[in-house]
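Structure record follows, encoded as structure tokens.
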Amino acid sequence: MELVIQNLSKTYPNGTKALKNINLTIPKGMFGLLGPNGAGKSSLMRTIATLQEADTGSIMLGDLDVLREKETMRKVLGYLPQEFGVYPKVSAEELLDHFAILKGVSNSKERKEVVKALLQQTNLYDVRKKNLGGYSGGMKQRFGIAQALLGNPKIIIVDEPTAGLDPAERNRFHNLLSEIGENIIVILSTHIVEDVTDLCRNFAIINKGEVLLEGDPLNVIDSLRGRIWRKFINKDELVAHQLQHEVISSRLFAGKTIIHVLAEVQPAPEFEAVAPDLEDVYFSKIHEAARREQAAPANAIMN
């Protein structure tokens, strides 16, 4: 089963164009939706989750018309939004039981078994009696996945799930998502490149409501092989290098600034070739989109 999104657009009442003619095909497994804050990721996730209307376009989950058959979609959807609130004075077991009732699991014996299995799957069974207010950020996220798995969904959406987690909790959450993504569609919306690198066999980059790239992370990384060059510079040299070269990223390391430059040949003898990674792909596409946007007004004036 695939999720097929065609010509999807959404403009908010204030004039913000959140989605601009989105076309994506999302297969079974982990799919990463990568983009900066404000890129349109959450708008797309909310539209797929039937929480807001689209202006134009279609979304099909197999034979299910998501935008027209919202109630049916909600029965096969698991959703962990970016801001997932919990009742702090209620235990995980009690709240998950309540969510199971809302999902239509009316038989108490069946519900008890479902709740137990999900708490075990998310490694929360030993703390099932603990109030959620005492859970760590990672534990709350794993509880969020437990509630998203109620009802054996065909598709799960997780929106910025690892933001703010410490490395150990992040690894636990990655392992859980990877296990879940073996059998169903899991859409991981994030601005953290490492999440997509670690988990996803397919991904897309979205920025300012537009899809800039879609593909297999390994294949798109290969497309940059031999074209990424690195140099250590002083911070005050950055602007000059940006004027002279196609600097796609810069970061601090041991008090020095490292720049990555996209070029077909070695820009200068002091640059060294480096193996590209998904971060280079991401920044190169964001940089390319920014250049196009800057060039558009100039072209309009010339025409």
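Every number here is computed from the coordinates shown, using simple stated rules; none is lab data. All values derive from a computational prediction rather than experimental measurement. Backbone-built Cβ (ideal geometry, glycine too); neighbour counts: all protein chains shown.
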Problem - Dimensionless Rg ratio for the chain, taking C-alpha atoms and the 2.2 N^0.38 Å reference - result: 1.14
Exercise for the section: Find the Cα radius of gyration of the stretch 1-62, compare it with 2.2 N^0.38 Å by division, and give the number to two decimals. Expected result: 1.09
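Can you tell me, using C-alpha contacts under 8 Å and at least 6 residues apart, the relative contact order of the stretch 91-162 as a whole percent?
It rounds to 40 percent for the stretch 91-162.
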Handout entry: Inter-part distance where the stretch 113-169 and the stretch 72-87 are each reduced to a Cα centre, Å
Key = 12 Å
Problem - Within the chain, helix-based [θ] at 222 nm, where runs of 4 or more DSSP H residues each add -39,500 (n - 2.57), nearest 500 - result: -11000 deg cm²/dmol
Exercise for the section: Set the Förster radius R0 to 41 Å, insert the Cβ-Cβ distance between L67 and F232 as r into 1/(1 + (r/R0)^6), and round the FRET efficiency to 0.05. Expected result: 0.20
Problem - Convex hull per residue volume in Å³, alpha carbons only, for the stretch 43-115 - result: 109 Å³
Fill in the blank from the handout: Helix 167-180: inclination vs the chain longest Cα principal axis, degrees, rounded to 10, gives 70 degrees
Exercise for the section: Averaging over all projection directions, find the projected area of the Cα convex hull of the stretch 83-154 and quote it in nm² with one decimal place. Expected result: 4.6 nm²
Handout entry: the stretch 162-303 - convex hull of alpha carbons, volume per residue in Å³
Key = 158 Å³
Problem - Cα gyration tensor of the stretch 221-295 - equivalent ellipsoid semi-axes, whole Å, descending - result: 18, 16, 12
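Counting alpha carbon pairs within less than 8 Å and at least 6 residues apart, what relative contact order, in whole percent, applies to the stretch 2-215?
So the answer I get is 32 percent.
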Problem - GNM top mover of H287, H241, H174 - the chain, alpha-carbon springs below 10 Å - result: H241
Problem - Cα pair distances in the stretch 169-210, grouped into 5 Å bins until the bin that holds the longest one, percent each - result: 5, 19, 33, 23, 12, 6, 2
Problem - the stretch 61-220 shape via C-alpha gyration tensor axes, a/c threshold 1.5 - result: oblate
Practice task
Could you state the angle between the C-alpha long axis of helix 278-302 and the longest principal axis of the C-alpha atoms of the chain, as a value from 0 to 90 degrees rounded to the nearest 10?
Solution key: 60 degrees
Fill in the blank from the handout: Per principal axis, largest first, the Cα atoms of the stretch 149-234 extend in Å by 52, 28, 25
Handout entry: Low-density loop positions, GluC sites (Glu not before Pro), the stretch 90-192 - DSSP coil, at most 15 other Cβ in 10 Å
Key = E182
Exercise for the section: Please report, to two decimal places, log10 I(q)/I(0) for the stretch 1-155 at q = 0.09, 0.10, 0.12, 0.14 Å⁻¹ as given by the Debye formula with identical point scatterers on the Cα atoms and no solvent. Expected result: -0.35, -0.43, -0.61, -0.79
Practice task
Check cross-link reach from K129 to the lysines: straight Cα distance under 20 Å, and skip same-chain residues fewer than eight apart.
Solution key: K89, K109, K112, K116, K140
